[in-house]
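K.L.:
Got a structure for you, written out below as C-alpha coordinates; questions coming shortly.
The values are calculated or read from the model by the stated rules, or taken from the named source; none is laboratory data. Because the structure is a prediction, the values reported are computed rather than measured. Heads up, the Cβs are rebuilt from the backbone with ideal geometry, glycines too, and the neighbour counts pull from every protein chain shown.
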Amino acid sequence: MAEVHHGLEGVIAFQTEIAEPDKEGSALRYRGVDIEDIVGKVPFENIWGLLIDGSYTPGLPPAEPYNLAVHTGDVRVDVQAAVAMLAPAFGFGQTYDISDEQARDDLARVAVMVLSYAAQSARGLHQPVVPQKVVDQGATLAERFLIRWKGEADPNHVKAIDAYWSSAAEHGMNASTFTARVITSTGADVAAAFSGAIGAMSGPLHGGAPSRVLGMIEEVEKRDGDAATYVKELLDSGDRLMGFGHRVYRAEDPRARVLRRTARDLGAPRYEVAEKLEQAALAELRERRPDRVLETNVEFWAAIV
(Lines give C-alpha, C1' and ligand atoms only; values in the text may rest on other atoms or scores of the structure.)
Protein backbone atom coordinates (compact mmCIF):
# COMPACT_ATOMS: atom_id res chain seq x y z
CA MET A 1 0.00 0.00 0.00
CA ALA A 2 1.31 3.44 -0.94
CA GLU A 3 2.29 5.69 1.94
CA VAL A 4 0.57 9.08 1.99
CA HIS A 5 2.69 11.97 3.24
CA HIS A 6 0.12 14.43 4.53
CA GLY A 7 1.18 18.00 3.88
CA LEU A 8 4.18 16.54 2.02
CA GLU A 9 5.89 16.14 5.39
CA GLY A 10 9.18 14.32 4.97
CA VAL A 11 9.04 14.48 1.17
CA ILE A 12 12.21 15.82 -0.48
CA ALA A 13 11.13 17.82 -3.51
CA PHE A 14 14.36 19.69 -4.27
CA GLN A 15 17.68 20.75 -2.80
CA THR A 16 18.73 24.33 -2.14
CA GLU A 17 21.84 26.06 -0.84
CA ILE A 18 20.13 29.43 -0.53
CA ALA A 19 18.37 29.09 2.82
CA GLU A 20 19.89 26.97 5.57
CA PRO A 21 17.60 26.58 8.59
CA ASP A 22 19.35 24.97 11.54
CA LYS A 23 16.65 22.85 13.16
CA GLU A 24 18.47 22.32 16.45
CA GLY A 25 20.46 25.52 16.76
CA SER A 26 17.54 27.78 15.91
CA ALA A 27 19.44 29.69 13.23
CA LEU A 28 18.66 30.66 9.65
CA ARG A 29 21.37 31.47 7.14
CA TYR A 30 21.12 32.99 3.69
CA ARG A 31 23.96 31.56 1.59
CA GLY A 32 25.93 30.98 4.78
CA VAL A 33 25.19 34.37 6.35
CA ASP A 34 23.21 34.32 9.61
CA ILE A 35 20.14 36.54 9.29
CA GLU A 36 20.90 38.03 12.70
CA ASP A 37 24.06 39.53 11.17
CA ILE A 38 22.28 41.28 8.30
CA VAL A 39 18.65 42.04 9.20
CA GLY A 40 18.48 45.72 10.10
CA LYS A 41 22.00 46.27 8.79
CA VAL A 42 21.66 45.43 5.10
CA PRO A 43 18.52 46.74 3.32
CA PHE A 44 16.08 44.22 1.91
CA GLU A 45 16.87 45.02 -1.72
CA ASN A 46 20.50 43.99 -1.17
CA ILE A 47 19.54 40.88 0.78
CA TRP A 48 17.45 39.98 -2.27
CA GLY A 49 20.65 40.28 -4.30
CA LEU A 50 22.44 37.90 -1.94
CA LEU A 51 19.63 35.37 -2.28
CA ILE A 52 19.24 35.55 -6.05
CA ASP A 53 22.71 36.45 -7.31
CA GLY A 54 24.95 35.49 -4.40
CA SER A 55 25.99 39.14 -4.11
CA TYR A 56 24.48 42.11 -2.27
CA THR A 57 24.78 44.22 -5.40
CA PRO A 58 23.15 45.21 -7.66
CA GLY A 59 20.11 43.94 -5.75
CA LEU A 60 16.58 45.03 -6.54
CA PRO A 61 16.00 48.17 -8.63
CA PRO A 62 13.31 50.76 -7.83
CA ALA A 63 9.81 49.89 -9.03
CA GLU A 64 8.77 51.22 -12.42
CA PRO A 65 6.18 54.03 -12.35
CA TYR A 66 3.07 51.97 -13.11
CA ASN A 67 -0.15 52.85 -11.31
CA LEU A 68 -2.30 50.07 -9.91
CA ALA A 69 -4.95 49.17 -12.49
CA VAL A 70 -7.21 47.13 -10.20
CA HIS A 71 -8.97 48.68 -7.19
CA THR A 72 -11.36 46.38 -5.33
CA GLY A 73 -10.56 47.40 -1.77
CA ASP A 74 -8.90 44.03 -1.16
CA VAL A 75 -5.09 44.17 -1.26
CA ARG A 76 -4.65 40.50 -2.14
CA VAL A 77 -7.10 40.68 -5.04
CA ASP A 78 -5.65 43.94 -6.33
CA VAL A 79 -2.04 42.79 -6.26
CA GLN A 80 -2.68 39.29 -7.57
CA ALA A 81 -4.66 40.58 -10.55
CA ALA A 82 -2.34 43.50 -11.31
CA VAL A 83 0.78 41.33 -11.17
CA ALA A 84 -0.70 38.86 -13.66
CA MET A 85 -1.32 41.80 -16.00
CA LEU A 86 2.39 42.66 -16.00
CA ALA A 87 3.16 39.83 -18.43
CA PRO A 88 1.63 41.56 -21.47
CA ALA A 89 2.51 45.04 -20.17
CA PHE A 90 6.20 44.18 -19.83
CA GLY A 91 6.29 41.75 -22.75
CA PHE A 92 7.39 38.79 -20.64
CA GLY A 93 8.22 35.58 -22.42
CA GLN A 94 7.45 32.14 -21.08
CA THR A 95 10.23 30.85 -18.83
CA TYR A 96 10.34 27.79 -21.09
CA ASP A 97 11.54 30.02 -23.94
CA ILE A 98 13.83 32.55 -22.25
CA SER A 99 17.33 32.44 -20.78
CA ASP A 100 18.10 32.23 -17.08
CA GLU A 101 19.44 35.78 -17.26
CA GLN A 102 16.19 37.08 -18.74
CA ALA A 103 14.16 35.17 -16.16
CA ARG A 104 16.24 36.78 -13.41
CA ASP A 105 15.59 40.27 -14.81
CA ASP A 106 11.87 39.53 -15.13
CA LEU A 107 11.90 38.29 -11.54
CA ALA A 108 13.41 41.55 -10.29
CA ARG A 109 10.93 43.70 -12.21
CA VAL A 110 7.94 41.78 -10.87
CA ALA A 111 9.27 41.61 -7.29
CA VAL A 112 9.43 45.38 -6.91
CA MET A 113 6.08 45.85 -8.64
CA VAL A 114 4.46 43.53 -6.09
CA LEU A 115 5.61 45.91 -3.35
CA SER A 116 4.52 48.97 -5.31
CA TYR A 117 1.07 47.55 -5.99
CA ALA A 118 0.62 46.42 -2.38
CA ALA A 119 1.39 49.94 -1.16
CA GLN A 120 -0.91 51.55 -3.71
CA SER A 121 -3.77 49.20 -2.82
CA ALA A 122 -3.29 49.66 0.94
CA ARG A 123 -3.44 53.42 0.45
CA GLY A 124 -7.18 53.08 -0.18
CA LEU A 125 -9.78 53.41 -2.90
CA HIS A 126 -10.33 57.13 -2.67
CA GLN A 127 -6.85 58.42 -1.85
CA PRO A 128 -4.88 60.19 -4.60
CA VAL A 129 -1.80 58.44 -5.92
CA VAL A 130 1.43 59.75 -4.40
CA PRO A 131 3.40 61.52 -7.18
CA GLN A 132 6.38 59.58 -8.47
CA LYS A 133 8.76 62.46 -7.74
CA VAL A 134 7.76 62.20 -4.07
CA VAL A 135 8.18 58.42 -4.04
CA ASP A 136 11.62 58.81 -5.58
CA GLN A 137 12.78 60.73 -2.51
CA GLY A 138 12.91 57.44 -0.62
CA ALA A 139 16.42 56.00 -0.39
CA THR A 140 15.39 52.35 0.07
CA LEU A 141 12.61 50.05 -1.07
CA ALA A 142 11.04 50.16 2.38
CA GLU A 143 11.04 53.97 2.38
CA ARG A 144 9.51 54.13 -1.10
CA PHE A 145 6.92 51.53 -0.09
CA LEU A 146 5.80 53.63 2.87
CA ILE A 147 5.74 56.83 0.85
CA ARG A 148 3.52 55.16 -1.77
CA TRP A 149 1.26 53.91 1.00
CA LYS A 150 1.21 56.70 3.59
CA GLY A 151 2.66 59.64 1.72
CA GLU A 152 5.59 59.72 4.15
CA ALA A 153 8.08 57.30 5.68
CA ASP A 154 8.36 57.20 9.47
CA PRO A 155 11.93 55.96 10.20
CA ASN A 156 10.74 53.39 12.74
CA HIS A 157 8.17 52.02 10.32
CA VAL A 158 10.86 51.77 7.65
CA LYS A 159 13.04 49.71 9.99
CA ALA A 160 10.11 47.48 10.95
CA ILE A 161 9.02 46.73 7.39
CA ASP A 162 12.57 46.16 6.19
CA ALA A 163 13.20 43.76 9.09
CA TYR A 164 10.07 41.76 8.29
CA TRP A 165 10.80 41.55 4.57
CA SER A 166 14.39 40.52 5.22
CA SER A 167 13.51 37.93 7.86
CA ALA A 168 10.84 36.32 5.70
CA ALA A 169 12.68 36.63 2.38
CA GLU A 170 13.62 32.97 1.96
CA HIS A 171 12.88 29.73 3.75
CA GLY A 172 13.23 26.83 1.34
CA MET A 173 9.92 25.29 0.32
CA ASN A 174 7.11 27.08 2.08
CA ALA A 175 3.65 27.04 0.50
CA SER A 176 4.03 30.14 -1.67
CA THR A 177 7.49 29.13 -2.89
CA PHE A 178 6.20 25.66 -3.71
CA THR A 179 3.30 27.19 -5.64
CA ALA A 180 5.62 29.45 -7.63
CA ARG A 181 7.92 26.53 -8.43
CA VAL A 182 5.05 24.38 -9.65
CA ILE A 183 3.81 27.15 -11.94
CA THR A 184 7.30 27.90 -13.24
CA SER A 185 7.90 24.19 -13.87
CA THR A 186 5.20 24.35 -16.55
CA GLY A 187 7.21 27.00 -18.39
CA ALA A 188 4.81 29.82 -17.49
CA ASP A 189 5.99 33.43 -17.28
CA VAL A 190 7.34 34.94 -14.08
CA ALA A 191 4.27 37.13 -13.49
CA ALA A 192 2.01 34.06 -13.55
CA ALA A 193 4.22 32.36 -10.96
CA PHE A 194 4.14 35.43 -8.71
CA SER A 195 0.38 35.77 -9.00
CA GLY A 196 -0.14 32.16 -7.95
CA ALA A 197 2.31 32.51 -5.08
CA ILE A 198 0.44 35.56 -3.80
CA GLY A 199 -2.73 33.49 -3.65
CA ALA A 200 -0.97 30.87 -1.54
CA MET A 201 0.63 33.54 0.64
CA SER A 202 -2.73 35.08 1.51
CA GLY A 203 -4.03 32.10 3.49
CA PRO A 204 -4.30 32.28 7.31
CA LEU A 205 -1.93 29.32 7.66
CA HIS A 206 0.79 31.18 5.74
CA GLY A 207 1.29 34.91 5.15
CA GLY A 208 -2.19 35.73 6.39
CA ALA A 209 -1.37 34.49 9.89
CA PRO A 210 -0.26 37.88 11.33
CA SER A 211 -3.77 39.28 10.92
CA ARG A 212 -5.09 36.41 13.06
CA VAL A 213 -2.40 37.10 15.65
CA LEU A 214 -3.59 40.71 15.85
CA GLY A 215 -7.06 39.43 16.65
CA MET A 216 -5.60 37.46 19.56
CA ILE A 217 -3.73 40.53 20.80
CA GLU A 218 -6.95 42.54 20.72
CA GLU A 219 -8.74 39.88 22.77
CA VAL A 220 -6.04 40.02 25.45
CA GLU A 221 -6.30 43.82 25.51
CA LYS A 222 -10.07 43.54 26.07
CA ARG A 223 -9.32 41.35 29.10
CA ASP A 224 -6.94 43.90 30.63
CA GLY A 225 -3.92 41.79 29.75
CA ASP A 226 -5.17 38.47 31.16
CA ALA A 227 -3.40 36.38 28.53
CA ALA A 228 -3.32 33.14 30.53
CA THR A 229 -7.10 32.83 30.82
CA TYR A 230 -7.59 33.76 27.17
CA VAL A 231 -5.11 31.12 25.99
CA LYS A 232 -6.73 28.41 28.12
CA GLU A 233 -10.20 29.28 26.85
CA LEU A 234 -9.02 29.39 23.24
CA LEU A 235 -7.38 25.97 23.41
CA ASP A 236 -10.26 24.46 25.40
CA SER A 237 -12.64 25.51 22.64
CA GLY A 238 -10.53 23.67 20.06
CA ASP A 239 -9.32 26.81 18.31
CA ARG A 240 -5.78 27.27 17.09
CA LEU A 241 -3.12 29.52 18.57
CA MET A 242 -1.77 31.39 15.58
CA GLY A 243 1.94 32.21 15.56
CA PHE A 244 3.21 29.08 17.32
CA GLY A 245 4.80 25.91 16.02
CA HIS A 246 6.84 25.19 12.90
CA ARG A 247 7.57 22.03 10.96
CA VAL A 248 11.24 22.83 10.51
CA TYR A 249 12.41 24.13 13.88
CA ARG A 250 12.72 22.10 17.06
CA ALA A 251 13.51 25.32 18.90
CA GLU A 252 12.46 28.94 18.57
CA ASP A 253 12.10 30.20 15.01
CA PRO A 254 15.15 32.49 14.57
CA ARG A 255 13.06 34.91 12.54
CA ALA A 256 10.75 35.34 15.53
CA ARG A 257 13.77 36.20 17.66
CA VAL A 258 14.89 38.85 15.17
CA LEU A 259 11.44 40.42 14.92
CA ARG A 260 10.87 40.32 18.69
CA ARG A 261 14.07 42.29 19.15
CA THR A 262 13.03 44.69 16.39
CA ALA A 263 9.64 45.27 18.02
CA ARG A 264 11.27 45.88 21.39
CA ASP A 265 13.95 48.22 20.07
CA LEU A 266 11.43 50.26 18.08
CA GLY A 267 9.01 50.50 20.99
CA ALA A 268 6.13 48.81 19.16
CA PRO A 269 2.86 49.95 20.83
CA ARG A 270 1.63 46.42 21.55
CA TYR A 271 4.95 44.88 22.52
CA GLU A 272 4.12 44.33 26.20
CA VAL A 273 0.73 42.73 25.48
CA ALA A 274 2.31 40.53 22.82
CA GLU A 275 5.01 39.44 25.24
CA LYS A 276 2.39 38.46 27.82
CA LEU A 277 0.46 36.48 25.22
CA GLU A 278 3.62 34.77 24.00
CA GLN A 279 4.67 33.72 27.51
CA ALA A 280 1.17 32.50 28.40
CA ALA A 281 0.86 30.56 25.15
CA LEU A 282 4.25 28.87 25.46
CA ALA A 283 3.58 27.86 29.07
CA GLU A 284 0.18 26.39 28.22
CA LEU A 285 1.44 24.59 25.11
CA ARG A 286 4.31 23.01 27.05
CA GLU A 287 1.92 21.82 29.73
CA ARG A 288 -0.58 20.37 27.26
CA ARG A 289 1.86 18.99 24.71
CA PRO A 290 5.13 18.12 26.50
CA ASP A 291 5.90 15.67 23.68
CA ARG A 292 6.00 18.40 21.01
CA VAL A 293 8.11 21.50 20.45
CA LEU A 294 5.70 24.36 19.83
CA GLU A 295 7.67 27.59 19.95
CA THR A 296 7.00 31.07 18.62
CA ASN A 297 7.21 31.36 14.84
CA VAL A 298 7.87 34.29 12.53
CA GLU A 299 4.22 35.22 12.01
CA PHE A 300 3.60 36.04 15.69
CA TRP A 301 6.08 38.90 15.92
CA ALA A 302 5.45 39.93 12.31
CA ALA A 303 2.01 41.03 13.50
CA ILE A 304 3.53 43.31 16.13
CA VAL A 305 6.31 44.75 14.00
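K.L.:
How many residues are closer than 18 Å to A303 by Cα, touching a helix residue (DSSP H, G or I) at 6+ places or on another chain (Cβ under 7 Å) and surrounded by fewer than 17 Cβ atoms within 10 Å (Cβ to Cβ) when one looks only at the range 226-267?
P.N.:
Adding up the residues that qualify gives 1.
K.L.:
Residue under question is E36, and the condition is that it be buried (at least 16 other Cβ atoms within 10 Å of the Cβ), farther than 26 Å from G199 by Cβ, in contact (Cβ under 8 Å) with a residue 12 or more places away in the chain and out of contact with any strand residue (DSSP E or B) (no Cβ under 6 Å at 6 or more places or on another chain); does it hold? Full working, then the answer.
P.N.:
Details: buried (at least 16 other Cβ atoms within 10 Å of the Cβ): yes; farther than 26 Å from G199 by Cβ: yes; in contact (Cβ under 8 Å) with a residue 12 or more places away in the chain: yes; out of contact with any strand residue (DSSP E or B) (no Cβ under 6 Å at 6 or more places or on another chain): yes.
The answer is yes for E36.
K.L.:
For residues that are surrounded by 13 or more Cβ atoms within 10 Å (Cβ to Cβ) and within 14 Å of M173 (Cα to Cα), scanning just the range 9-24, find the one that is modelled with the lowest pLDDT.
P.N.:
Step one: of the range 9-24, the residues surrounded by 13 or more Cβ atoms within 10 Å (Cβ to Cβ) are 18-23.
Checking which are within 14 Å of M173 (Cα to Cα) leaves us with 18-21.
Details: I18: 89, A19: 83, E20: 81, P21: 74.
Among residues in the range 9-24 that are surrounded by 13 or more Cβ atoms within 10 Å (Cβ to Cβ) and within 14 Å of M173 (Cα to Cα), the one modelled with the lowest pLDDT is P21.
K.L.:
Residues A274, A256: which one is part of a helix (DSSP H, G or I), within 12 Å of I304 (Cα to Cα), at pLDDT below 95 and not assigned by TED's automatic domain parsing to the domain that holds N174? Break it down into steps so the answer makes sense when it comes.
P.N.:
Working: A274 fails: at pLDDT below 95.
Of the residues listed, the single one that is part of a helix (DSSP H, G or I), within 12 Å of I304 (Cα to Cα), at pLDDT below 95 and not assigned by TED's automatic domain parsing to the domain that holds N174 is A256.
K.L.:
I've got another one for you. Within the group L86, L125, which residue is out of contact with any strand residue (DSSP E or B) (no Cβ under 8 Å at 6 or more places or on another chain) and buried (at least 19 other Cβ atoms within 10 Å of the Cβ)? Even if it seems obvious, please write down each step before you answer.
P.N.:
Numbers: L125 fails: buried (at least 19 other Cβ atoms within 10 Å of the Cβ).
The conditions single out L86.
K.L.:
For the structure I just gave you, tell me whether A27 is farther than 29 Å from K133 by Cβ, surrounded by 15 or more Cβ atoms within 10 Å (Cβ to Cβ) and at pLDDT below 95. Don't jump to the end; show me each part of the working.
P.N.:
Values: farther than 29 Å from K133 by Cβ: yes; surrounded by 15 or more Cβ atoms within 10 Å (Cβ to Cβ): yes; at pLDDT below 95: yes.
Here the answer is yes, as A27 does meet what is asked.
K.L.:
Pick from A108, A119: which is out of contact with any helix residue (DSSP H, G or I) (no Cβ under 7 Å at 6 or more places or on another chain), surrounded by 19 or more Cβ atoms within 10 Å (Cβ to Cβ), closer than 19 Å to A168 by Cα and at pLDDT 95 or above? Show your work before the answer.
P.N.:
Values: A119 fails: out of contact with any helix residue (DSSP H, G or I) (no Cβ under 7 Å at 6 or more places or on another chain).
Only one candidate qualifies: A108.
K.L.:
May I ask you to list the residues in the range 39-61 that are surrounded by 15 or more Cβ atoms within 10 Å (Cβ to Cβ) and over 29 Å from D253 (Cα atoms)?
P.N.:
Selection gives nothing.
K.L.:
Take the conditions among the acidic types (D, E), under 19 Å from L28 (Cα atoms) and buried (at least 17 other Cβ atoms within 10 Å of the Cβ) and apply them to E278. Does it pass?
P.N.:
On the way: among the acidic types (D, E): yes; under 19 Å from L28 (Cα atoms): no; buried (at least 17 other Cβ atoms within 10 Å of the Cβ): yes.
So E278 does not fit the description; no.
K.L.:
Another question about this same structure. State all residues of the range 286-305 that are crowded, with 20+ Cβ neighbours inside 10 Å and either without any contact (Cβ under 8 Å) to a residue 24 or more places away in the chain or in a helix (DSSP H, G or I) (or both); if no residue qualifies, say none.
P.N.:
V298, E299, F300, W301, A302, A303, I304
K.L.:
A further question on this structure: Kindly state which helices (runs of 4 or more DSSP H) lie completely within the range 147-245 and contain at least 3 residues that are over 20 Å from A283 (Cα atoms). Break it down into steps so the answer makes sense when it comes.
P.N.:
On the way: elements: 155-167, 175-185, 190-201, 209-222, 227-236.
The qualifying helices (runs of 4 or more DSSP H) are 155-167, 175-185, 190-201, 209-222.
K.L.:
Within the range 114-141, track down each residue that is in a helix (DSSP H, G or I) and closer than 18 Å to L51 by Cα. Please lay out each step first, then the result.
P.N.:
The first filter runs over the range 114-141 and keeps only residues in a helix (DSSP H, G or I), leaving 114-123, 132-135, 141.
Those that are in a helix (DSSP H, G or I) and closer than 18 Å to L51 by Cα: V114, L115, L141.
K.L.:
I'd like the residue in the range 167-199 that is within 26 Å of R261 (Cβ to Cβ) and polar (S, T, N, Q) and, out of all such residues, is modelled with the highest pLDDT.
P.N.:
Applying the first criterion (within 26 Å of R261 (Cβ to Cβ)) to the range 167-199 yields 167-172, 174, 176-177.
Narrowing further to those that are polar (S, T, N, Q): 167, 174, 176-177.
Working: S167: 95, N174: 83, S176: 92, T177: 91.
It comes out as S167.
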